[in-house]
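What follows is a short report on a single structure.
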Amino acid sequence: MQELNRLIVSCGGTGGHFNPGLSTACAFRDAGGTPLLILGGKHFDEQSKTAEKNGIEFRRVSCAPLAKNPVGAFRFLSQQMRGVREARAIFREFKPDAVLSMGAFPSIPASIAAWRSGIPLFLHDGNARIGKSNRVFSRIASGIALSFPAVNANTLHCSSAVTGLPLRKALLEDVPASKAEAVARINATRGTAFAPDRPVVLVFGGSLGAAAINENFTVPIDHPGAKSLQVIHLSGPGKYDAIHDKYSACGVNALTLESASDMQNLYMAADLVVCRAGGSTVSELAIFGRYAVLIPYPYAAEGHQDDNARLLAKTGAARIVPNAECSPSLFRSILAEFLDDPGKFREAGKNACSMAQPRAAANVIDFIDSSLKTARSRA
């Protein structure tokens with residue numbers, strides 16, 4: 001008998017929290033369950049439209065980010081308390097079997113409300129280092145689903161399971177069968193003339209771009225293989241012109257975009273990826289088995305991107321470059337090595353597949369359901 005039939009997923013905040021939450025809700029709906037998203041924060045309008053587009057019901061609760069000044073601290077507390085009341089009202093109406101919190105401050109009201117309402121609370125963490133919020137809420141949670149084996153698992157006060165990070169459905173269901181098919185898709189949709197038998201480098205710095213990557217990534221145009229190199233560079237919003245002009249000036253065959261919704265095509269076309277080391281990015285690299293030069297974001301909370309990067313590097317599918325060491329000469333050196341033997345990098349990337357969790361959303365749901373069954377059997 002299935003214990004989990006109605007699930008609330010609290011996943012407001014950045015895309016790193018929202019997208020896995022939405023993916024879990026969609027998987028739960030597709031499996032016959034009834035999900036409800038709880039959203040909040042400055043991205044509510046955008047995220048609510050995405051939820052609606054995917055046919056997932058949602059509600060909004062009040063919340064505010066934590067601030068150090070007295071006025072900001074008062075607003076944080078008052079908004080969170082209001083959000084708790086709103087969430088409890090939603091729980092009384094929806095009657096969930098469990099609440100899943102994806103982390104970030106917009107999920108605090110729902111987490112507290114679940115505890116005060118006597119509803120089993122489950123957590124999800126998207127990084128190799130469990131965040132402060134999840135460490136605190138693990139004291140009142142029934143369990144936490146982990147994207148990776150946690151480097152600080154000893155800080156938890158509840159049961160845990162490595163489930164993986166639920167990725168967007170398009171990344172898993174609309175995947176080209178080969179590099180050649182991926183290149184053909186890109187050529188058809190972007191008007192490029194990439195050749196499938198030539199090396200491709202995919203460069204991006206997250207949703208907002210990354211100055212260290214944009215400014216320092218440089219092609220060694222004097223290398224014999226440079227003429228055959230093809231680059232796909234996602235600049236981030238407002239940075240397209242500068243990146244486009246840089247490639248035009250050196251004559252490199254490049255596709256420059258601010259962002260892309262068809263990342264599955266770009267990953268499958270790439271032989272090498274240059275990027276940050278967020279939890280979603282590392283999970284995607286594992287799914288597609290791509291070798292990466294990882295530049296961890298230096299201001300990530302508690303250096304969690306460094307932990308993510310080290311996890312992938314241990315498989316042999318990544319090289320870590322500290323943000324402070326990024327320079328045009330370093331990138332030229334790395335690309336020269338790549339151009340000498342692109343196949344070596346593509347082969348090494350397959351090692352990342354050992355970390356892949358293509359059923360992550362289903363794993364999270366199974367973990368919650370199993371935990372509820374265990375709790376019921378002990379009651």
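Please treat every number below as a calculation from the coordinates, not as lab data. Quantities reported herein were computed from a predicted structural model and do not represent experimental measurements. Heads up, the Cβs are rebuilt from the backbone with ideal geometry, glycines too, and the neighbour counts pull from every protein chain shown.
Table for the structure above
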quantity: Rough spin-label spacing in nm, given labels placed 7 Å along Cα→Cβ, for Glu258 and Glu3; calculated: 4.7
quantity: Degrees between helix 328-340 axis and first principal axis of the chain (Cα, 0 to 90, nearest 10); calculated: 70
quantity: Förster radius 45 Å - calculated FRET efficiency between Ser370 and Ser329, Cβ distance, rounded to 0.05; calculated: 0.30
quantity: For the range 45-144, the spread of Cα positions along each principal axis, largest first, Å; calculated: 39, 29, 27
quantity: The range 25-153, relative contact order [Cα under 8 Å, separation at least 6], %; calculated: 18
quantity: Cα long-axis angle, helix 240-250 against the chain (0 to 90 degrees, to the nearest 10); calculated: 20
quantity: Listed residues Ala188, Ala51, Ala286, most fluctuating in the chain (Gaussian network, C-alpha, under 10 Å); calculated: Ala188
quantity: Calculated P(r) of the range 268-379 - Cα pairs past 19 Å, %; calculated: 53
quantity: With Cα atoms, 0 to 90° folded angle of helix 15-30 axis to the chain main axis; calculated: 70
quantity: Mean projection area, nm², convex hull over Cα of the range 118-236; calculated: 11.3
quantity: Cα gyration tensor category, rounded, prolate or oblate, for the range 170-355 with a/c compared to 1.5; calculated: rounded
quantity: Radius, Kirkwood style, for the chain when every pair of distinct Cα atoms is counted (Å); calculated: 21.7
quantity: Label point 7 Å beyond Cα of Ser377 along Cβ direction - residues of the range 4-22 with amide nitrogen under 16 Å; calculated: 4
quantity: Distance (nanometres) between label positions extended 7 Å along Cα→Cβ at Val175 and Asn154; calculated: 3.6
quantity: Spin-label model distance (nm) - Lys344 vs Lys314, 7 Å beyond Cα toward Cβ; calculated: 2.5
quantity: Rounded Å value of the spacing that divides the Cα centres of the range 140-160 and the range 1-31; calculated: 18
quantity: From phi via Karplus (6.51, -1.76, 1.60), per-residue ³J(HN,Hα) for the range 128-137 in Hz, x at Gly/Pro; calculated: 6, 10, 5, x, 4, 4, 5, 5, 5, 6
quantity: Under the Karplus curve 6.51 cos²θ - 1.76 cosθ + 1.60, θ = phi - 60°, whole-Hz ³J(HN,Hα) for the range 120-125, x wherever Gly or Pro sits; calculated: x, 9, 10, 10, 9, 10
quantity: Length-normalised contact order of the chain in % [C-alpha pairs under 8 Å, at least 6 apart]; calculated: 16
quantity: Extreme residue, positive dipole direction of the chain, given options Thr374, Gly12, Asn152 (C-beta unit charges); calculated: Thr374
